[in-house]
Amino acid sequence: MTYKVLFAMAAQMNRETEQMDVKTAFLYGILDEDVYVKMPIDYFEEDLVCKLNKALYGLKQAPRGWFRTLTEFLVSLDYHVIPKNSSVYRNPKTDIFVAIYVNDLLIFEVNKTAIQELKDQLSKRFKMIGLKSVTYYLSLKVVRNRFKSHHSSQSKDVSAKDSEESKYDEPSR
């Protein structure tokens with residue numbers, strides 16, 4: 001629900017809202033415990049195990065390792081976690097907000113130059129896909145109307161269903 005508050009704030013304060021995606025995010029995670037995996041039988045004839053240095057997809061520790069890595073990076077850029085929500089960070093100097101959902105980042109800021117600087121810093125550390133302005137987020141379609149100063153959002157599934165229904169509701173001639 002926090003992202004809805006951020007969208008409302010962005011509309012009210014005329015903030016830019018951009019989205020980025022981290023490619024292979026879990027592979028950046030550093031493990032804080034020893035994890036060993038068996039080698040595939042076809043790989044070696046004997047029973048061998050390998051100690052993992054980094055997280056792999058499917059490993060239960062992978063999301064935690066990725067989140068810790070991203071948090072450490074944001075803290076190094078002077079971002080602070082918002083009290084009572086560990087997935088939203090704010091930089092008090094630039095007033096940029098970053099909302100995190102697994103490997104998707106939402107960036108809220110008035111100044112497009114400041115957003116680009118953050119995106120450049122993120123891209124230096126992680127492989128990123130810059131998706132520009134938000135159009136869909138967590139199954140919501142996001143539409144920005146600057147004249148009315150609001151964002152509106154509707155479930156992607158609901159809007160698809162509504163358009164299907166309206167197609168059949170038209171009277172035949």
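The values are calculated or read from the model by the stated rules, or taken from the named source; none is laboratory data. Worth saying up front: this structure is predicted, and the values here are computed from it rather than measured. Backbone-built Cβ (ideal geometry, glycine too); neighbour counts: all protein chains shown.
Please enumerate the residues belonging to the range 90-121 that are over 15 Å from ARG15 (Cα atoms) and under 12 Å from the mean Cα position of the chain (by Cα).
Residues satisfying the conditions are ILE100, TYR101, VAL102, ASN103, ASP104, LEU105.
Of the numbered conditions (1) modelled with pLDDT under 85; (2) β-branched (Val, Ile, Thr); (3) closer than 13 Å to THR17 by Cβ, VAL158 fails exactly one; give the number of that condition.
VAL158 satisfies every listed condition except (3).
Which of the following residues is out of contact with any Cys (no Cβ under 9 Å at 6 or more places or on another chain) and modelled with pLDDT of 85 or more: PHE44, PHE7, PHE26?
Testing whether each residue is out of contact with any Cys (no Cβ under 9 Å at 6 or more places or on another chain) and modelled with pLDDT of 85 or more leaves just PHE26.
Could you tell me whether VAL22 is within 16 Å of the chain's Cα centre (by Cα), within 15 Å of LEU105 (Cβ to Cβ) and in contact (Cβ under 8 Å) with a residue 24 or more places away in the chain?
yes
Just checking, does the range 26-46 include any residue being at positive phi and surrounded by fewer than 10 Cβ atoms within 10 Å (Cβ to Cβ)?
No, every residue in the range 26-46 fails to be at positive phi and surrounded by fewer than 10 Cβ atoms within 10 Å (Cβ to Cβ).
One line per residue, one yes/no per condition, for (1) of a type in the set (D, E, K, R); (2) out of contact with any Gly (no Cβ under 7 Å at 6 or more places or on another chain); (3) assigned to a helix (DSSP H, G or I); (4) more than 21 Å from GLN121 (Cβ to Cβ):
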site: ASP34; (1), (2), (3), (4): yes, yes, no, yes
site: LEU56; (1), (2), (3), (4): no, yes, no, yes
site: ARG90; (1), (2), (3), (4): yes, yes, no, no
site: ILE100; (1), (2), (3), (4): no, yes, no, no
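Restricting to the range 102-116, what's the tally of residues that are surrounded by 17 or more Cβ atoms within 10 Å (Cβ to Cβ) and either assigned to a loop (DSSP other than H, G, I, E, B) or free of Cβ contacts under 8 Å to residues at least 24 places away in the same chain (or both)?
Going through the range 102-116 one residue at a time, the tally reaches 2.
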